[in-house]
Structures are given as C-alpha cells and as structure tokens.
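Chemist: Handing you this structure, nothing more for now.
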Amino acid sequence: MNRAFSISGRKIGGNEPCYIIAEVSCNHEGDFDEARKIIEAAAESGADAAKLQTYTADTMTRDFKNKPTGTMWAEIDLYKLYQKAYTPWEWYGDLQKVAADRGIHLFSTPFDETAVDFLVKQGAPVMKVPSFEVVDIKLLEKMAQTGLPVIMSNGMTDFLEMEEAVRTLRDHGTKDLAILHCNSGYPASFDEANLKTIPALAEIFDVVPGVSDHTIYADDKNYRHPMAHVTPLEAVKLGAKIIEVHLLMDRKKARALNKKQKGGFDWPFSREPAELKKMVDMVRAYERGEDVAYETAAERTASLRTHGAVMFEPTAKEIASRACRPSLWVVEDVKKGAPLKFAGGKPGNVDSIRPAGGLHIRFADLISGKPATRDIKAGQPLSWDMVNIAACGTE
C-alpha cells in the first residue's frame with residue numbers, strides 16, 4: 001500500500017525516500033549555540049528534519065521528589081532532571097531559522113496542551129507524540145484538533161494502548177498519521193528492536209510506518225562497539241519510511257557530564273554527526289538500489305538480531321520505563337467535598353503529569369467535577385478512593 005502525506009511540501013511515505021529526523025532532545029546541555037550546532041550537523045549529515053522537545057519542569061511534572069526506579073535516570077528526581085534537560089521555548093524561532101536556512105524542517109514534541117498551543121503559533125508543520133505520552137489521551141485530543149499531521153512512537157505500549165491512541169487521534173481530527181516502532185528501553189539492545197513489527201503496524205493501523213531508534217551498542221550494558229547505522233538500515237529494508245534518531249556533537253563529553261549528573265542524559269542512545277552521516281548515506285544507497293554491505297561480521301550479526309518478532313507487548317526493560325509515564329496527579333490541595341477539576345493546560349487541581357502511579361488519563365473527563373471524598377494534599381497520585389464517582393458532577 002502507498003500510504004503517504006506531506007510535511008511542508010515534503011511527501012512522506014509511498015515510494016518517497018525515507019524521512020530522517022535528528023532529535024536534539026536535551027543534548028544541547030542548556031546552550032543555544034550547542035543546539036544550533038546540532039541542527040547544522042543534522043543538515044550537513046543529510047537529515048530531512050531536526051526535532052526539539054517543548055516542555056518545562058512544571059509542565060512535565062511537579063516538584064514532588066519522584067525518582068522512578070529501574071530506569072537510567074533513577075538517581076535524579078524527575079523535576080530536577082527536566083529543569084536541566086528542557087529546551088527554552090524562546091529558542092524555537094531562532095532555531096527554526098537555522099534549520100530553514102539549511103534547507104531542513106524543524107518541529108518539536110509538545111508534552112502538554114500549552115506546548116501544543118505554542119507550537120501552533122510558531123507554525124509547526126507536524127505534531128510528534130513521544131512514547132511516554134501515548135497514554136495521555138487528553139494531550140492526543142489536543143494534538144489531533146490542530147489538524148496537523150501526527151507522528152507517534154509506540155514504545156512501551158501494548159496493542160490495546162496503541163489502538164486507543166490511534167482511535168483517539170482519528171476521532172478528534174487527525175487524517176495524516178505515522179507510527180514509529182520504538183523500543184523505549186534506554187538504551188535498547190539490538191535483540192529488543194523487533195523490527196518485524198514495522199510492516200505489521202502499517203497494515204493493522206493503515207499508517208505510514210517508521211522507526212524511532214535507541215540502539216547503538218552491541219554491548220548495551222558496558223557501552224562498547226557502537227554500530228549506530230545498523231537498526232535504521234534494517235528498518236528501511238522492512239518498510240520504514242521515517243527514521244528518528246538522537247543526535248549530539250560529542251558523546252564522550254556528554255558521558256562525562258552524565259557521570260557527574262550535570263547533563264548528558266541521553267548519551268547512550270545518541271549518535272554523533274559522523275555516525276548519522278554514515279547511516280544516512282547507507283539508507284540512501286539502499287534506496288537507490290545499490291548493494292549495501294556491512295563492513296564487519298559483528299555488524300552483520302547485529303543486523304540479524306534486530307529483526308526479532310512482531311511485538312505488541314512491552315519488553316522487560318520497557319516495563320521498567322513505564323514508571324516514567326504520565327498519569328493523573330493531585331497538583332493543588334483539595335478540601336473534602338470540593339470538585340476535582342482536570343487542568344490540561346488550564347487552572348485545575350488534577351493534572352496529567354509524570355510519573356505513573358495515578359489513575360489513567362483516560363479518566364480525566366470522568367473525574368472532573370466529582371467531589372473529593374476527603375482532604376487531599378498536593379503531590380499525591382489520584383486514586384479512585386479520592387473520588388466520589390457516584391455523585392452528580394458540577395461540570
């Protein structure tokens with residue numbers, strides 16, 4: 001099938017070349033010039049787009065001293081992590097110009113409803129749903145209502161979660177949709193890539209398929225032997241029409257920062273410019289019909305490991321990552337009998353924030369307007385015993 005749509009005039013899917021996205025994420029380390037260099041490197045390496053992330057510590061979470069265990073970020077609480085990792089919103093316009101001057105797209109992932117509004121005002125050409133936010137049904141509704149194309153990663157999800165997310169987007173206005181197969185174990189091993197899922201996603205959900213890749217190392221525990229081009233190339237062979245990878249300028253420097261908990265939070269799954277260029281060159285050669293061979297036996301072995309099986313369940317490492325998903329939290333003190341009100345970018349005493357632990361965000365409309373069964377202090381995950389669900393709502 002030739003599923004396709006356009007982003008700013010660039011056709012995505014069908015028989016078009018793969019659309020390659022370089023994710024900046026937090027790799028700028030709070031330095032505008034570093035963000036500029038990453039975007040310039042993305043263009044020079046042959047990427048089609050660079051991508052930012054739009055949030056603040058207070059839109060992503062609250063200062064509730066949460067440290068989800070089992071993840072590579074377990075030693076630092078979420079609020080402090082996002083304070084260090086966020087991209088200042090005022091950079092967006094200038095970085096947009098940097099990208100445009102070099103002939104590539106720039107867009108961003110919004111992590112809450114206010115970020116969606118911001119990006120629409122900035123003229124964003126597409127919305128991106130990250131794996132963690134697939135369960136944020138209210139955010140998906142907001143993205144869909146923009147009418148923009150949506151690219152969504154499927155990391156950590158099971159089949160029913162993906163089906164609910166796709167249905168939510170389409171019911172609220174999304175016509176052009178791509179799904180990127182993603183393993184959200186950070187970093188992921190080649191054995192966890194399960195790239196055979198890519199054509200299954202395209203067929204089952206009738207979308208443009210792709211991959212969001214977090215594999216680099218043959219040894220994903222000690223981080224030796226980087227082979228950053230393997231998984232994306234194998235994904236293209238299996239039908240991927242979009243590739244998303246993280247990009248940084250100097251992994252050794254980022255790794256050193258991370259040891260001191262001063263930055264470098266994404267270093268184990270981020271490519272350097274030379275690695276991105278090698279990946280792009282190999283993908284383009286394959287698309288031209290050339291015989292693209294791996295240089296070493298280790299690369300050939302790794303390429304076979306990436307295929308795996310069709311997978312609509314999270315891996316063990318991804319189950320641990322689920323601890324960082326958003327859920328419903330009480331974000332303001334609530335008196336017994338007072339109505340609960342979902343915020344979603346507006347005033348309210350309950351909001352969808354990271355981490356997991358509270359009620360699923362699909363219940364946001366159901367609980368909004370219902371009275372609290374007791375006094376509730378801010379900083380608690382919302383649970384059913386806090387909600388008088390049988391009472392007549394006020395909204």
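Chemist: Mark the label point 7 Å from the Cα of K260 along Cα→Cβ and return the residues of segment 81-104 whose backbone N is within less than 18 Å of it.
Modeler: Counting only backbone N, you get 81, 84-85.
Chemist: A further question follows. Taking the Cα-to-Cβ direction at E16 and at R300 and moving 7 Å from each Cα, how far apart do the two end points lie in nm?
Modeler: 3.6 nm
Chemist: What whole number of Å gives the distance from the Cα centroid of segment 33-102 to the Cα centroid of segment 157-183?
Modeler: If you average the Cα positions of each part, the centres end up 24 Å apart.
Chemist: Hey, can you rank 138-147, 56-65, 5-14 by average C-beta count inside 10 Å, highest first? Mind showing how you got there, number by number?
Modeler: Details: 138-147: 21.4, 56-65: 17.7, 5-14: 15.9.
Ranked by mean Cβ neighbours within 10 Å, highest first: 138-147, 56-65, 5-14.
Chemist: For the pairs K65/K253; K65/K259; K37/K260; K138/K277; K260/K317, note any where the Cα-Cα span goes beyond 32 Å.
Modeler: K138/K277
Chemist: Dimensions of the chain along principal axes (Cα, Å, largest first)?
Modeler: Rounded to whole Å, the extents work out to 69, 48, 41 Å.
Chemist: Shifting gears a bit: Which of rounded, prolate or oblate describes segment 326-395 when judged by the alpha-carbon gyration tensor and an a/c cut-off of 1.5? It would help to have the intermediate numbers written out before the result.
Modeler: Numbers: a/c = 1.44, a/b = 1.31, b/c = 1.10.
Because its axes are fairly even, with a/c under 1.5, segment 326-395 counts as rounded.
Chemist: Anything over 22 Å Cα to Cα? Flag those among K121/K370; K11/K241; K346/K377; K84/K377, in the order listed. Each step should come with its number before you reach the end.
Modeler: Values: K121/K370 34 Å; K11/K241 10 Å; K346/K377 20 Å; K84/K377 27 Å.
Violating the 22 Å Cα-Cα cut-off are K121/K370; K84/K377.
Chemist: What whole-number distance in Å separates the alpha-carbon centres of segment 273-298 and segment 190-220?
Modeler: Spelled out, the Cα-based centre of one part sits 18 Å from the other.
Chemist: Turning to a different aspect of this structure: Given the -39500 (n - 2.57) contribution per DSSP H run of 4+ residues, what per-residue ellipticity at 222 nm results for the chain, rounded to the nearest 500 deg cm²/dmol? Walk me through the intermediate numbers first.
Modeler: Numbers: 14 runs with 126 residues, N = 395.
So the helix-based figure for the chain works out to -9000 deg cm²/dmol.
Each reported figure results from applying straightforward, stated rules to the coordinates on display, with no laboratory input. Just so you know, these numbers come straight off a predicted model, no measurement behind them. Neighbour counts are summed over all protein chains in view; Cβ atoms, including those assigned to glycine, are modelled from backbone coordinates with ideal geometry.
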